[in-house]
Amino acid sequence: MTDNSSSSLCTQCGVCCDGSFFELAGVRPSDLNDATRKLDMVKTGDKLQINLPCSAHINNRCTIYDQRPWVCRAYECKLLKEHKRGEVNKDEALSTINNLKSALEEINALLESAGVPKANHGIHKRMRVLEQESLSKVSLPEYRKTHGPLIIKHRLLQKLLAERFGIIFQKKNRA
């Protein structure tokens, strides 16, 4: 297994950068340079964070790769780590990525048809919006009929993400 093989997995996937799951990525003061200063960032408390999807992530490639922040350099999903250790071959990893991409496309389409537009938000944030808006409707049979498949597919996506990518989502408290 080569580093080239690992980087090709990343360029086939890219969901860590495209806003599908993560909303923000932390930036260290030492990460600030001409390239990173051009990214869409927000200050939360005393922390500077990149809004995702990252504006430097274009066509599954990082346009500031050599100057990317530390968090981007350090992040490796579970699938990539398993591939680097030789536990998963490239074909298996690419199949998993393709399954993930297909699930994302399907859920995005279902969310759109449910009236929850993408609007630069990832799937999990959009699912939270849908859940908040539908708390009073969940017991209605027509709601379960129209939204049930979406909710089931989202749960299956969460299972895939946890098992294969090491991405686990916590429910936000409704306080």
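The values are calculated or read from the model by the stated rules, or taken from the named source; none is laboratory data. These figures come from a predicted structure and were not determined experimentally. Every residue, glycine among them, receives a Cβ derived from its backbone with ideal geometry; neighbour counts consider all protein chains shown. What goes into the accessible areas is simple: the full protein's heavy atoms, side chains included, and nothing from ligands, DNA or RNA. Shrake-Rupley method; radii C 1.70, N 1.55, O 1.52, S 1.80 Å.
Summed over the residues of the chain and divided among them, the accessible surface reaches 62 Å² per residue at a probe radius of 1.4 Å. In summary, the aspartates and glutamates within cross-link reach of residue 125, defined as a Cα separation below 13 angstrom excluding same-chain residues under 8 places away, comprise 23, 133.
Farthest towards the positive end of the charge dipole of region 63-131, among the residues 80, 121, 65, is the Cα of 65, using unit charges on the Cβ of Lys, Arg, Asp and Glu. For region 6-96, the dipole from Cβ point charges (+1 on Lys and Arg, -1 on Asp and Glu) about the Cα centre works out to 220 debye, to the nearest 20. With everything on Cα atoms, drop me the angle between helix 123-133 and the longest principal axis of the chain, reported from 0 to 90° to the nearest 10. Around 30 degrees separate the two axes. Could I get the Rg over Rh figure for region 65-135? Both from C-alpha atoms, Rh via Kirkwood, rounded to two places. With Rh from the inverse mean 1/r over Cα pairs, Rg/Rh is 1.11.
Under a cut-off of 20 Å between alpha-carbon atoms, report the lysines in cross-link reach of residue 81, not counting same-chain residues fewer than 8 places apart. Answer for residue 81, where 20 Å is the Cα cut-off: 90, 101, 159, listed by chain and number.
The percentage of C-alpha pairs in region 104-168 whose separation is greater than 15 Å is 51%. Taking 0.36 nm per residue of separation and subtracting the current Cα-Cα distance, fully stretching the chain between residue 105 and residue 38 would add 21.2 nm.
Stretching the chain fully between residue 142 and residue 81 yields a gain of 17.7 nm (0.36 nm per residue, less the alpha carbon separation).
Shown here for region 54-105: trypsin sites (Lys or Arg not before Pro) in loop regions (DSSP other than H, G, I, E, B) with at most 11 other Cβ atoms within 10 Å, namely 85.
Seen from all directions on average, the chain presents a Cα convex hull projection of 11.5 nm². Carbon and sulfur: what percent of region 1-106's accessible surface (1.4 Å probe)? Of all accessible area on region 1-106, carbon and sulfur atoms account for 47 percent.
Taking Cα atoms only, the orientation of helix 90-113 departs from the longest principal axis of the chain by about 40 degrees.
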